Amino acid sequence: MATVGVIGAGVMGKDVAITCAANGYDVVLVDHDSDVTSAVPGQIRGLVRKFRMMSPDASDWKTDDILGAVRATTDLAEVAKADWVVENIVEDHAAKERLYLELRPLLSDATRVAVNTSCISITKLGALLADPGQVIGIHFMNPVPLLGAAEVVRGFHTSDDTVAQARDFVGTLGKKAIVVNDMPGFVANRLSHLFMNEAAFLVGDGVAEPEQIDAVFKLGYGHKMGPLETADLIGLDTVVNSLNVLHEEFQDPKFRCSPTLKKMVAAGLLGRKSGQGFYSYGH
Ligand code: NAI
């Protein structure tokens, strides 16, 4: 059975691990924080229960089978023999850079590396490994098991073979691969962060309440979720980090982060994961 090494067991890492396990892969889920890895089994139980209720495709998922296929560990070396490594650590260039330098001596030629990032350059991270050709971006959408597409991002040196293997891998997870070229934010986040950021400016300027802003998007434009609900789902800290990357990379003031978002993150209001963001989530 093919093995996927998933690095980072936060919002995305757990979803990616569950999706891979539900589709027949053995998963090693690595996080550097042992409190995070010990919480993984309980959190996977809760997430699988939720996904079973939310999607007919997940209705026959067996919690015990998925738990049996995912092993959480703090030991990065355990990804060495994986067929795919999917990296999902924090959206911070320096942190990702340190991790890729640690990964460099561990990986074999056969392992393909998928960067799951909102905005960070695949080309820059690929350059840190011995063979940048084996590195590609797979930008999974949140919540991973429920959404039918992933942006597959070709870095400057990504090989054609890695692109083909990424298409296959994403296909085995029941998703359509949309192959795009490397540029900060790719397609999804370059667009969506403008909406989320401007919506936060609207709140800060007192133009409208979050419910009203999201209602305009949902009822007016037919989107499933509004920009502030989406920001809460992603995590406001991740949104701020991504805006900072976009701002720095493009040197364009349109990506400057709203002070409202910065203030909320400083106050610990991170969205769903902390129980409070633009909305409250009673947990
Ligand atoms: P998160 O903050 O929820 O989780 C990050 C995890 O990485 C934490 O558990 C942390 O302990 C772990 N970590 C940090 N440094 C590490 C290291 N050196 N080794 C091992 N583990 C380490 O972040 P989230 O939201 O899961 O995002 C992860 C990546 O996925 C980011 O690059 C983000 O931009 C991207 N992304 C996020 C989406 C979202 O909706 N949250 C959607 C698509 C992509």
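Points worth noting:
- Residue check for THR123: open to solvent by 40 Å² or more (accessible area, probe 1.4 Å), under 23 Å from ALA82 (Cβ atoms), among the hydroxyl-bearing types (Ser, Thr, Tyr) and more than 14 Å from the chain's Cα centre (by Cα): yes
- Exactly one residue among ILE213, ILE178 is without any contact (Cβ under 8 Å) to a residue 60 or more places away in the chain and in a helix (DSSP H, G or I), and that residue is ILE213.
- Single residue of the range 193-216 satisfying the filter (open to solvent by less than 30 Å² (accessible area, probe 1.4 Å) and over 18 Å from SER280 (Cα atoms)) that is nearest to the chain's Cα centre (by Cα): HIS193
- Filtered by the rule that a residue be of a type in the set (Asp, Glu) and within 15 Å of the ligand (Cβ to nearest atom), the range 1-48 gives ASP15, ASP31, ASP33, ASP35.
- Within the range 261-275, restricting attention to residues that are in a loop (DSSP other than H, G, I, E, B) and more than 12 Å from the ligand (Cβ to nearest atom), the residue that is farthest from GLY10 (Cα to Cα) is ALA267.
- When LYS263, LYS254, LYS273 are checked against the criterion of being under 19 Å from VAL36 (Cβ atoms) and among the charged types (D, E, K, R), a single residue qualifies: LYS273.
- Residue count, the range 166-196 (criterion: touching a strand residue (DSSP E or B) at 6+ places or on another chain (Cβ under 9 Å) and over 21 Å from PHE278 (Cβ atoms)): 18
- Residue satisfying condition, being surrounded by 14 or more Cβ atoms within 10 Å (Cβ to Cβ), of a type in the set (S, T, N, Q) and within 14 Å of the chain's Cα centre (by Cα), within set THR37, THR3, THR19: THR19
- Selection within the range 28-80: residues that are over 22 Å from LEU101 (Cα atoms) and in a loop (DSSP other than H, G, I, E, B). The member of this set that is modelled with the lowest pLDDT is SER55.
- Residue ID - least open to solvent (accessible area, probe 1.4 Å), chosen from residues in the range 93-120 that are in a loop (DSSP other than H, G, I, E, B) and of a type in the set (A, V, I, L, M): ILE120
- Residue, nearest to VAL48 (Cα to Cα), within the range 77-92, restricted to residues that are near the ligand (Cβ under 10 Å from one of its atoms) and surrounded by fewer than 18 Cβ atoms within 10 Å (Cβ to Cβ): VAL90
- In this structure, ILE136 qualifies as assigned to a strand (DSSP E or B) and either charged (D, E, K, R) or crowded, with 16+ Cβ neighbours inside 10 Å (or both).
- Criterion (out of contact with any helix residue (DSSP H, G or I) (no Cβ under 6 Å at 6 or more places or on another chain), among the β-branched types (Val, Ile, Thr) and within 23 Å of ILE120 (Cβ to Cβ)) met by exactly one of VAL180, VAL207, VAL216: VAL180
- Taken as a whole, the condition of being in contact with a helix residue (DSSP H, G or I) (Cβ under 8 Å, 6 or more places away or on another chain) and not in a helix (DSSP H, G or I) applies to LYS224.
The values are calculated or read from the model by the stated rules, or taken from the named source; none is laboratory data. These numbers were taken from a predicted model, which means no experiment stands behind them. Every residue, glycine among them, receives a Cβ derived from its backbone with ideal geometry; neighbour counts consider all protein chains shown. What goes into the accessible areas is simple: the full protein's heavy atoms, side chains included, and nothing from ligands, DNA or RNA. Shrake-Rupley method; radii C 1.70, N 1.55, O 1.52, S 1.80 Å.
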